[in-house]
Every structure is written in structure tokens, then in C-alpha cells.
Amino acid sequence: MRIDVYATPDSAREKDLKDRMVVVVDVLRATSTIITGLHNGCREFIPVIDIEEAVNIAKNYERDAFLLGGERNAQKIEGFHLSNSPREYTRDVVEGRTIIITTTNGTKAIRKASDAKEVIIAGFMNVNAVCDYIREIGEDTAMVCAGTDGRFSLEDILAVGAIISKLEDEIRLELDDLGMVCRYLYENNEDDLERILRGTYHYSRLVELGYEKDIEYCLKMNTAPIVPIYQDGVIWNIGNLRD
Ligand code: MLT
């Protein structure tokens, strides 16, 4: 199986993702938030680019059926119910609800892959579940890192490295150069991911804003063994039957 890795959404051309199996990673924090919400029983996420688009979509829902979530500059958006802190997406808050989410980089990366054959949402929290799924599908895969403001983020590279490393335990992979870098960095730092991340741009920004606990939460492996899939504009847990 061939794996191609894109350090940012902009580095992937349309034809790199079209009709392919795509995995999107935004460890800090959009994909970790989406995985958490679905693991805690929310109905679905609708990822959108603009605040205005989110508010307009919300108008189609009954008051208790939806929540607005996300961030700008890593902070809660005025008038929204939830920020982009995964720890806010607890079962008592999200169960059964549709969450309309907009984030600076993560939801853009997901939407960029709209023409893919399948889009899977990944982070450290669901590495093993995503690997099982990729193996089962058995197709060449593109991995897209959301990065931060158009530049790559080390935490996404490490999570892709974790997926590649785990996949390689059981199947033979053909990797591009960035895939090799991801695997190398992960395997040389897997015992203490925080050590290598300290001082990186987005990590430091989240620490400054008081979100250390989110970082700790997002870096834990396999705490939410589900596979979220993005299809027809909506992200849902592939383990749940759709009505
Ligand atoms: C994003 O999509 O840019 C992020 O997930 C930022 C964050 O809230 O940490």
C-alpha cells in the first residue's frame, strides 16, 4: 500500500486527493475535538469554513438539536456554545446533537478533501482504530496534516508517524519522503512526545492561553477507538448505523 503525506492542506493538489482514500489530522485540536464528540455520542459534526455559514446552517435546526462549536485564534467564538477544547465535548453536553464546527485550520483541511473517495478523521486518540480501518480498505492513502496558518505543525507529523508505524507492523508500505520523516520522528520520540513538542508554535500558543490540559489530552494514544468519516458534508462515527 502506498502512503503519501502532505504537510499542509495547500501542499496537496486537487488531483492528489480526488477519488482517493484520505486521512485528515489536526491533533491540536480540531480532529481530537471531533473524535471526542463522536466518541461521546454526538449525532454528527458539520465542518464549515466561516462563522456566518455555521450560523446559517444552525437556523435549520430545532433549538436543542444542535450546538455551535469552534474557535478563532484558538479561543471560543462569541455567541457559540462550545470552544475547540475537546474536554468541553462531554457526553452530557453533546449526546444526540448535531455540532456545527468551524476552526481556523482543521475544518478547512477536511473540506479541502471533499472530492476524496473517503475522508477519515484521525489523531493520537484513534490511531489503532484508524489503522485497522485503513488495512481493511487496503487502498493507497493520502494523509493530510492541517498544520497551522499554512505552515506544518510537528504534532500532526508525529500523529501521521504513529499511524504509519502501527500500519507497518502488519503490512508492507511504500512511503514518500515525508512519510519516512514522520515515521522516523515518531519512532524516536514515542516515549515522550511532549518533550519534542515543547517550544513548537501551536503548542506554545495553547500553553500561553492556559490549554495545557488539552495538549495532554490530545497526545494520549487510543483513548477513543472510533473511526469518524466525512461524507456528504457531514462527519459521523462509522461504527454507528445512519438513519
Ligand atoms: C485549528 O483548526 O486551527 C485548531 O484546531 C486550532 C485550535 O483550536 O487549537
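The values are calculated or read from the model by the stated rules, or taken from the named source; none is laboratory data. As the structure is a prediction and not an experimental result, all values here were calculated from the model. With ideal geometry, Cβ positions are generated from the backbone for all residues, glycine too; neighbour counts draw on all protein chains shown.
Scan region 1-47 for residues that are assigned to a loop (DSSP other than H, G, I, E, B), away from the ligand (no atom under 12 Å from the Cβ) and of a type in the set (A, V, I, L, M) and the total you get is 3. The single residue among Leu38, Leu82 that is surrounded by 18 or more Cβ atoms within 10 Å (Cβ to Cβ) and in contact with a Leu (Cβ under 8 Å, 6 or more places away or on another chain) turns out to be Leu82. Set side by side, the residues Ala116, Ala129 differ, and just one is modelled with pLDDT of 95 or more, in a loop (DSSP other than H, G, I, E, B), of a type in the set (A, V, I, L, M, F, W, C) and within 18 Å of the chain's Cα centre (by Cα), which is Ala116.
The number of residues in region 49-86 being away from the ligand (no atom under 12 Å from the Cβ), part of a loop (DSSP other than H, G, I, E, B) and of a type outside the set (Asp, Glu) comes to 8.
Beta carbons closer than 8 Å, at least 6 apart along the sequence or on distinct chains, never pair a first residue in region 13-40 that is over 23 Å from Gln75 (Cα atoms) with a second that is in a loop (DSSP other than H, G, I, E, B) and within 12 Å of the ligand (Cβ to nearest atom). Mind checking whether some residue in region 151-169 is assigned to a loop (DSSP other than H, G, I, E, B), at positive phi and of a type in the set (Gly, Ala, Ser)? No, region 151-169 contains no residue that is assigned to a loop (DSSP other than H, G, I, E, B), at positive phi and of a type in the set (Gly, Ala, Ser).
Considering only residues that are basic (Lys, Arg) and under 23 Å from Ser165 (Cα atoms), which ones fall in region 5-31? Scanning region 5-31 gives Arg20, Arg29.
If you go through region 1-33 and keep only what is of a type in the set (Gly, Ala, Ser) and surrounded by fewer than 19 Cβ atoms within 10 Å (Cβ to Cβ), you end up with just Ser11. Scanning region 87-113 for residues that are more than 10 Å from the ligand (Cβ to nearest atom), among the hydrophobic types (A, V, I, L, M, F, W, C) and under 13 Å from the mean Cα position of the chain (by Cα) gives a single hit, Ala113.
Condition check: more than 16 Å from the ligand (Cβ to nearest atom) and more than 28 Å from Leu17 (Cα to Cα). Does Ile226 satisfy that? No; evaluated as a whole, the condition is false for this residue.
Yes/no matrix, rows are residues, columns are (1) of a type in the set (S, T, N, Q); (2) touching a residue at least 40 places away in the same chain (Cβ under 8 Å); (3) under 19 Å from Arg20 (Cα atoms); (4) away from the ligand (no atom under 16 Å from the Cβ):
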site: Ile157; (1), (2), (3), (4): no, yes, no, no
site: Leu167; (1), (2), (3), (4): no, yes, yes, yes
site: Ile196; (1), (2), (3), (4): no, yes, no, yes
site: Glu212; (1), (2), (3), (4): no, no, no, no
site: Glu216; (1), (2), (3), (4): no, no, no, no
site: Met221; (1), (2), (3), (4): no, yes, no, yes
site: Gly233; (1), (2), (3), (4): no, yes, yes, yes
site: Asn237; (1), (2), (3), (4): yes, yes, no, yes
